[in-house]
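The structure appears right after this line, and notes come after that.
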Amino acid sequence: MKRAFMMLSAALGVAGMLSLSGAATAQPGAPGAPPAAAPPATRPTIAVFNMAAVMRDFGQAKYQVYLLNNKKMEMSKKLLVLRAEYVQIQTDLQKNPNPPDKDAKGQRMLAIAREVEDEDRKISKQLNDDASAIIGDLYDRMKTVVDKTAEMNGYHIVFAYPDAVTAEEMKSPYIKELKLKPPAAQPFYVAAHADITGVVVKTLNAWYPPTDAAGKLVDVSKLDVPAAGNGVPGTQPGAPVGGVPPK
């Protein structure tokens, strides 16, 4: 499978595995409303957000991966038929190694193998192209929300990081390995009032709710994708809120 499709699937897989707990107490402001200001003594100039939590709870991300997985299954139906035929011929030859049409069956198996290879390559390219477009769109929307939140709250730097939240999750060898790898940013300590994960998730879902082709709102909680847990890391009183939606 190509890189972009694997990246998108992995992002949702990691987000689903990290069953983050807690509930956000800050709410995005209504359109046009000024952001809530944190007390000067506790207001940070550097903020962070948990990318795993955002990818898990951003409804648009869930819906796009759901659609892409459905497309993959639909496009793979022909492959399933071809592979079933290949296995059937192979089984028949194992039971009767020298049938009258042995050469014809051998040629058919060769043709099936080539057709499967071509079809698989075509599907991989299509899914990779689609996943690349989805990743680009999700990034642009996330960047808009983070940029606006940073501007309205006076943050100089905002880091994105993948992490667990509960003590049980922190014992996971996978999480420990993840934190020891050299990512773009990996804080070992995050003060609760500096974490804007909840703000980013709430604002993303408010500004970019998932809709189907007819423009109808989609309830992603009913889709067969990594399900949301009990919320995302909360922010403390005085924490920032999202800005106004883009025009």
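The values are calculated or read from the model by the stated rules, or taken from the named source; none is laboratory data. Quantities reported herein were computed from a predicted structural model and do not represent experimental measurements. Quick reminder, even Gly has a Cβ in these numbers, built from the backbone with ideal geometry, and neighbours come from all protein chains shown. Heads up: the accessible areas ignore ligands, DNA and RNA and are worked out on the full protein's heavy atoms, side chains in. Shrake-Rupley method; radii C 1.70, N 1.55, O 1.52, S 1.80 Å.
Solvent-accessible area assigned to carbon and sulfur over segment 62-219 amounts to 57 percent, based on a 1.4 Å probe.
Give me the net charge of Phe58's neighbourhood, meaning all other residues with Cβ under 14 Å from the Cβ of Phe58; Lys, Arg count +1, Asp, Glu -1. Numbers along the way, then the final one.
Working: positive: Arg56, Lys62, Arg141, Lys143, Lys202; negative: Asp57, Asp137, Asp140.
Its environment carries a net charge of +2.
Extending 7 Å from the Cα toward the beta-carbon at both Thr211 and Ile157 defines two label points whose distance is 3.9 nm.
Counting only heavy atoms of the protein chains, get the accessible area per residue of segment 55-95 (1.4 Å probe) and round it to a whole Å² value. Display every interim value, and only then the final one.
Details: 2310 Å² over 41 residues.
Dividing the accessible area of segment 55-95 by its residue count gives 56 Å².
The protection proxy used here, the mean number of other Cβ atoms lying within 10 Å of each residue, ranks peptides 65-73, 132-140 as follows, highest first: 65-73, 132-140.
Just so you know, the Cα atoms of segment 124-183 work out to an Rg and Dmax of 16.2, 43 Å. Couplings for segment 58-72, taken from phi via the Karplus curve 6.51 cos²θ - 1.76 cosθ + 1.60 with θ = phi - 60°, read 7, x, 4, 5, 4, 5, 5, 5, 4, 5, 5, 5, 5, 5, 4 Hz in order; Gly and Pro are left as x. Cross-link reach is defined here as a Cα-Cα straight distance under 19 Å, omitting same-chain residues fewer than 8 places apart; for Lys179 the lysines meeting it are Lys171.
Enumerate the aspartates and glutamates that Lys148 could reach by cross-link, defined here as Cα to Cα under 14 Å, with residues fewer than 8 away along the same chain left out. Reachable aspartates and glutamates: Asp140.
With a cut-off of 14 Å between beta carbons, the residues surrounding Glu169 carry a summed charge of +1, where Lys and Arg count +1 and Asp and Glu -1.
Quick one: grab the alpha carbon gyration tensor of segment 86-172, order the square roots of its eigenvalues as a ≥ b ≥ c, and give me rounded if a/c is under 1.5, else prolate or oblate depending on whether a/b is larger than b/c.
Working: a/c = 8.90, a/b = 2.75, b/c = 3.23.
Oblate, because a/c is 1.5 or more while a/b does not exceed b/c.
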